[in-house]
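S.K.: Take this structure, written in structure tokens, and hold onto it; I'll ask about it next.
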Amino acid sequence: QVQLVESGGGLVQAGGSLRLSCAASGDTFSINAIGWYRQAPGKQRELVAGFSSGGNTNYADSVKGRFTISRDNAKNTVFLQMNSLKPEDTAVYYCNADVKYSGGGRGFYWGQGTQVTVSS
């Protein structure tokens, strides 16, 4: 089992910044792909930023130039630096990871989510 724990969400005014963290822990594993999704009330969950299996980064058009995804492979942690936040960024942000266990097997996990609220 692998657990993803997000942190760093909160309330911020438009134009402000937040940094989200997602730490993966559990059985010995390696990350195939990992990224951040968000879901606003009544809306579909969408990819915000992620690392593909090849290590390339992808961003939603709406966040390009404002958000930056990064990772610390040694600590199995991925970050999302969010700058110039807008009210439309308000959503629950979820970490997602596709992992491979060292002994074999595959897993697909979601974090519990962290609320980001942008006012004004």
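The values are calculated or read from the model by the stated rules, or taken from the named source; none is laboratory data. Since this is a predicted model, take the numbers as computed values, not measurements. Because the Cβ atoms are built from the backbone with ideal geometry, glycine has one as well, and the counts that use them run over all protein chains shown. Side chains are part of the model used for accessible areas, which takes the heavy atoms of the whole protein and leaves out ligands, DNA and RNA. Shrake-Rupley method; radii C 1.70, N 1.55, O 1.52, S 1.80 Å.
S.K.: Going from the alpha-carbon gyration tensor of the stretch 50-120, what semi-axes, largest first and in whole Å, does one get by taking the root of 5 times each eigenvalue?
M.R.: For the stretch 50-120, the ellipsoid semi-axes come out as 26, 14, 10 Å.
S.K.: Right, another one. How much length would be gained if the chain were fully extended between residue 70 and residue 27, taking 0.36 nm per residue of separation minus their Cα-Cα distance, in nm to one decimal?
M.R.: Contour length minus the Cα-Cα distance gives 13.2 nm.
S.K.: Highest GNM mean-square fluctuation, the chain, Cα pairs closer than 10 Å: which of 21, 102, 30?
M.R.: Looking only at 21, 102, 30, the biggest GNM fluctuation is shown by 102.
S.K.: Give me the percent of Cα-Cα pairs in the chain that sit more than 24 Å apart, rounded to a whole number.
M.R.: Tail of the P(r) past 24 Å holds 22 percent of the pairs.
S.K.: Ok, one more. For the stretch 44-91, what ratio Rg/Rh do Cα atoms give with a Kirkwood hydrodynamic radius?
M.R.: On the Cα set of the stretch 44-91, Rg over Rh gives 0.98.
S.K.: Go through the stretch 3-102 and name the trypsin sites (Lys or Arg not before Pro) that are in a DSSP coil and have 11 or fewer other Cβ atoms within 10 Å of their Cβ.
M.R.: 43, 64
S.K.: Over the stretch 1-106, average the accessible area per residue using a 1.4 Å probe and give it in Å², no decimals.
M.R.: On a per-residue basis, 52 Å².
S.K.: Counting only protein heavy atoms and using a 1.4 Å probe, what share of the accessible area of the chain belongs to carbon plus sulfur, as a whole percent?
M.R.: Reported share for carbon and sulfur atoms: 44 percent.
S.K.: I've got another one for you. May I ask you to list the lysines whose Cα is less than 18 Å away from that of residue 100, ignoring any residue fewer than eight positions away on the same chain?
M.R.: Within reach: 75.
S.K.: Starting from one equal scatterer on each C-alpha and no solvent at all, send me the Debye-based log10 I(q)/I(0) for the stretch 15-73 at q = 0.15 Å⁻¹, two decimals.
M.R.: Computed log10 I(q)/I(0) values: -0.53.
S.K.: Still on this structure: Could you give the length gained by full extension between residue 108 and residue 19, i.e. 0.36 nm per residue of separation minus their alpha carbon distance, to one decimal place?
M.R.: Value of the extension gain: 29.7 nm.
S.K.: On a straight-distance basis, which aspartates and glutamates could pair with residue 43 in a cross-link, Cα separation under 15 angstrom, same-chain partners fewer than 8 positions away excluded?
M.R.: Output for residue 43: 88, 89.
S.K.: At a 1.4 Å probe radius, which order do 88, 46 fall into by accessible area, largest first?
M.R.: Of 88, 46, the descending order of accessible area is 88, 46.
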